[in-house]
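The values are calculated or read from the model by the stated rules, or taken from the named source; none is laboratory data. Please read all numbers here as calculations on a predicted model, not as lab measurements. Cβ: placed from backbone, ideal geometry, glycine included. Neighbour counts: every protein chain shown. Side chains included, ligands, DNA and RNA excluded: accessible areas come from the protein's heavy atoms. Shrake-Rupley method; radii C 1.70, N 1.55, O 1.52, S 1.80 Å.
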Amino acid sequence: MAAEREVKLLGLWASPFVIRAKIALALKGVEYEYFEETFGNKSELLLKSNPVYKKVPVLIHNGKPICESLIIVQYIDDVWSGVGPSIIPSDPFDAAMVRFWSHYVDDKWFASYYEVVKGETREAKIDASREAMAVLQPLEEAFEKQSKGKHFFGGETIGFLDIALGSCLVWIKAAEKITGLEFFDKLPNLSAWAECFWAHDVVKAVMPEVDAVVDFAKKIQAKFNSPPPPTTN
Amino acid sequence: MAGEKGVVLLDFWVSPFGQRVRIALQEKCVEYEYKEQDLANKSELLLKYNPVHKKIPVLVHDGKPVCESLVIVQYIDEFWSHKSPLLPSDPYCRANARFWADFIDKKIYDCGTRLWKLKGEGKEEAKKEMIEALKLLEGELGEKKYFGGESFGFVDVALVPFVSWFYAYETCGNFSVEKECPKIVAWGKRCMERESVSKTLEDPKKVYEFVLVLKKRFGVE
């Protein structure tokens, strides 16, 4: 009988929340078994592992489930703390700053981005995109202080906030293809950061294809127009 | 204020989010200066230290601001790590504590606000969700003394300020938390035996009076 894999990840390929978990696992070099959920048809394992929200991602470690993407990322950092780069800074104030900004992404970004996906015409999507870009402005301003002159919010290496925001990049690139807009047009810090993040080996290995996300966005646009939006977390 | 030493808390007397921070600071025996904020007329200080959200609580430690109540509580726990740990050391237990604190953030305040703000179906829906959320929390508490087990922890800090709002929720929603979730009420009473909690929470009747003021302001009967 084959030994049960220690680490399992339940996910949906296009979900930025799932991408966060994948990046964290890859940064720490953790081997895991991945289970792709069927969009709109939740598995027994998912319902059993996340009875409160019934959403992906769920990390199952030695049979115990951990839910909510940012909590999963912190868990991975805690468990594999001696391996690879630290995801959460060790200084309490720096840690508070990345938690604050990551929470900002969860609080403000996704709501504004959903409007982009929901927009029924190209014009509606463009209007919504401009709103979404405005949400990124405070992060543009925060970048210098957070990065301390380096390439990532985490400094030399990808950290918690890079993961929280960077996981959204494939959807930003999808929106750029659909609208013809450049999201980081007036955001030079974020533009440079996005280029570095997108080029990182770990990120390249886990990000889905932008064109595939464009197709997926078109498919789910209709679903988003009836509340509540089917979110993954 | 940069370069100034010490701990300052920008807060609002009845805010459950601010109370989380006050409780955490007291559990850690940290001395601080409390600065009551006028939320209808926000101070330069508040706008300077929380330009993104312009909300309380804001903890200013040696001139550096930390915002968002659960972020602040984790900061307090990490900086003053030598005393009364709020988050457990085991990674799985930490993740579990963060999960339930986040659940409280997503559900309790929002349901509570809808309970006093809405009427008819909206109110009933909010009541149903509030009771469901409290029951889930009761399940997580189980037979434990606190959510943190034997020690008062992160989830306890996250939830306990809302205990003083139960009376307001019950009165607006016409239900009884004790009937629905007796273990939560018993837990609340145990928490009130702690000085950090009893000295911080407002009298439930005062909280209800405050809700009545809000209802008037929003034109809700």
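Out of A:Ala175, A:Ala96, A:Ala134, which single residue is surrounded by 19 or more Cβ atoms within 10 Å (Cβ to Cβ) and under 27 Å from A:Gln221 (Cβ atoms)? Before you say what the answer is, go through the steps one by one.
On the way: A:Ala96 fails: under 27 Å from A:Gln221 (Cβ atoms); A:Ala134 fails: surrounded by 19 or more Cβ atoms within 10 Å (Cβ to Cβ).
The unique qualifying residue is A:Ala175.
One residue is enough: does segment A:103-111 have a residue meeting the conditions open to solvent by less than 20 Å² (accessible area, probe 1.4 Å), touching a strand residue (DSSP E or B) at 6+ places or on another chain (Cβ under 8 Å) and within 13 Å of another protein chain (Cβ to nearest Cβ)?
No.
Could you give me the residue pairs with C-beta distances under 8 Å whose first residue belongs to segment A:101-116 and is of a type in the set (A, V, I, L, M), whose second residue is buried (at least 18 other Cβ atoms within 10 Å of the Cβ) and modelled with pLDDT of 95 or more wherever it lies, and which are 6+ apart or on separate chains?
Matching pairs, first to second residue: A:Val105/A:Leu139; A:Val105/A:Leu161; A:Val105/A:Ala164; A:Val105/A:Leu165; A:Val105/A:Cys168.
Of everything in segment B:101-125 that's aromatic (Phe, Trp, Tyr) and more than 9 Å from chain A (Cβ to nearest Cβ), which residue is nearest to B:Tyr169 (Cα to Cα)? Reasoning before the result, please.
Narrowing segment B:101-125 to residues aromatic (Phe, Trp, Tyr): B:103, B:109, B:116.
Subsequent filtering for residues that are more than 9 Å from chain A (Cβ to nearest Cβ) retains B:109, B:116.
Details: B:Tyr109: 10, B:Trp116: 7 Å.
Looking at residues that are aromatic (Phe, Trp, Tyr) and more than 9 Å from chain A (Cβ to nearest Cβ), I get B:Trp116.
How do the helices (runs of 4 or more DSSP H) wholly within segment B:126-216 filter down when requiring 1 or more residues that are within 14 Å of chain A (Cβ to nearest Cβ): which remain?
Working: elements: B:154-159, B:166-173, B:177-180, B:182-192, B:195-198.
By residue number, B:154-159.
Taking only segment A:138-153 into account, find how many residues are buried (at least 17 other Cβ atoms within 10 Å of the Cβ) and assigned to a helix (DSSP H, G or I).
Counting residues in segment A:138-153 that are buried (at least 17 other Cβ atoms within 10 Å of the Cβ) and assigned to a helix (DSSP H, G or I) gives 6.
Can you tell me which residue is nearest to the other protein chains (Cβ to nearest Cβ) among those in segment B:64-99 that are among the hydroxyl-bearing types (Ser, Thr, Tyr) and either under 19 Å from B:Tyr32 (Cα atoms) or open to solvent by less than 30 Å² (accessible area, probe 1.4 Å) (or both)? Even if it seems obvious, please write down each step before you answer.
The first filter runs over segment B:64-99 and keeps only residues among the hydroxyl-bearing types (Ser, Thr, Tyr), leaving B:69, B:75, B:81, B:84, B:89, B:92.
Cutting the leftovers down to either under 19 Å from B:Tyr32 (Cα atoms) or open to solvent by less than 30 Å² (accessible area, probe 1.4 Å) (or both) gives us B:69, B:75, B:81, B:84.
Details: B:Ser69: 11, B:Tyr75: 4, B:Ser81: 8, B:Ser84: 16 Å.
My answer is B:Tyr75.
Could you tell me which of the residues A:Val135, A:Val117, A:Val170 is assigned to a helix (DSSP H, G or I) and within 14 Å of another protein chain (Cβ to nearest Cβ)?
Details: A:Val117 fails: within 14 Å of another protein chain (Cβ to nearest Cβ); A:Val170 fails: within 14 Å of another protein chain (Cβ to nearest Cβ).
Going through A:Val135, A:Val117, A:Val170 in turn, just one is assigned to a helix (DSSP H, G or I) and within 14 Å of another protein chain (Cβ to nearest Cβ): A:Val135.
Given the options B:Gly139, B:Gly148, B:Gly173, name the one that is open to solvent by less than 50 Å² (accessible area, probe 1.4 Å), under 28 Å from B:Arg94 (Cβ atoms) and out of contact with any strand residue (DSSP E or B) (no Cβ under 7 Å at 6 or more places or on another chain).
On the way: B:Gly139 fails: open to solvent by less than 50 Å² (accessible area, probe 1.4 Å); B:Gly173 fails: under 28 Å from B:Arg94 (Cβ atoms).
Being open to solvent by less than 50 Å² (accessible area, probe 1.4 Å), under 28 Å from B:Arg94 (Cβ atoms) and out of contact with any strand residue (DSSP E or B) (no Cβ under 7 Å at 6 or more places or on another chain) holds for just one of B:Gly139, B:Gly148, B:Gly173, which is B:Gly148.
Please state which one of A:Ile163, A:Ile158 is more than 13 Å from every other protein chain (Cβ to nearest Cβ), under 28 Å from B:Ile76 (Cα atoms), in a loop (DSSP other than H, G, I, E, B) and open to solvent by less than 10 Å² (accessible area, probe 1.4 Å).
Values: A:Ile163 fails: in a loop (DSSP other than H, G, I, E, B).
Among A:Ile163, A:Ile158, only A:Ile158 is more than 13 Å from every other protein chain (Cβ to nearest Cβ), under 28 Å from B:Ile76 (Cα atoms), in a loop (DSSP other than H, G, I, E, B) and open to solvent by less than 10 Å² (accessible area, probe 1.4 Å).
Report, ordered by the first and then the second residue, all pairs with beta carbons closer than 6 Å, sequence separation of six or more or different chains, a first member in segment A:197-219 that is farther than 30 Å from A:Glu120 by Cα, and a second member that is open to solvent by 30 Å² or more (accessible area, probe 1.4 Å) and part of a helix (DSSP H, G or I).
A:Val202/A:Ala26
Tell me the strands (runs of 3 or more DSSP E) entirely within segment B:1-115 that contain at least 2 residues that are touching a residue at least 24 places away in the same chain (Cβ under 8 Å).
Values: elements: B:7-11, B:33-36, B:58-61, B:64-67.
Per the criteria, B:7-11, B:33-36, B:58-61.
Please verify whether A:Leu25 is outside any strand (DSSP E or B) and either without any contact (Cβ under 8 Å) to a residue 24 or more places away in the chain or at the interface with another protein chain (Cβ under 9 Å from one of its Cβ atoms) (or both), treating the condition exactly as stated. If you could, list the steps in order and put the result at the bottom.
Working: outside any strand (DSSP E or B): yes; either without any contact (Cβ under 8 Å) to a residue 24 or more places away in the chain or at the interface with another protein chain (Cβ under 9 Å from one of its Cβ atoms) (or both): no.
Spelling it out, it is not the case that A:Leu25 is outside any strand (DSSP E or B) and either without any contact (Cβ under 8 Å) to a residue 24 or more places away in the chain or at the interface with another protein chain (Cβ under 9 Å from one of its Cβ atoms) (or both).
Just the residues that are β-branched (Val, Ile, Thr) and surrounded by fewer than 24 Cβ atoms within 10 Å (Cβ to Cβ), please, taken from segment A:60-89. Write out each step before concluding.
Going residue by residue through segment A:60-89, those that are β-branched (Val, Ile, Thr) are A:60, A:66, A:71-73, A:76, A:79, A:83, A:87-88.
Across segment A:60-89, the qualifying residues are A:Ile60, A:Ile71, A:Val79, A:Val83, A:Ile88.
Scan segment A:65-102 for residues that are more than 8 Å from chain B (Cβ to nearest Cβ), of a type in the set (D, E, K, R) and either part of a loop (DSSP other than H, G, I, E, B) or on the phi > 0 side of the Ramachandran plot (or both) and jot them down.
If the condition is that a residue be more than 8 Å from chain B (Cβ to nearest Cβ), of a type in the set (D, E, K, R) and either part of a loop (DSSP other than H, G, I, E, B) or on the phi > 0 side of the Ramachandran plot (or both), then A:Asp91 is the only one that fits.
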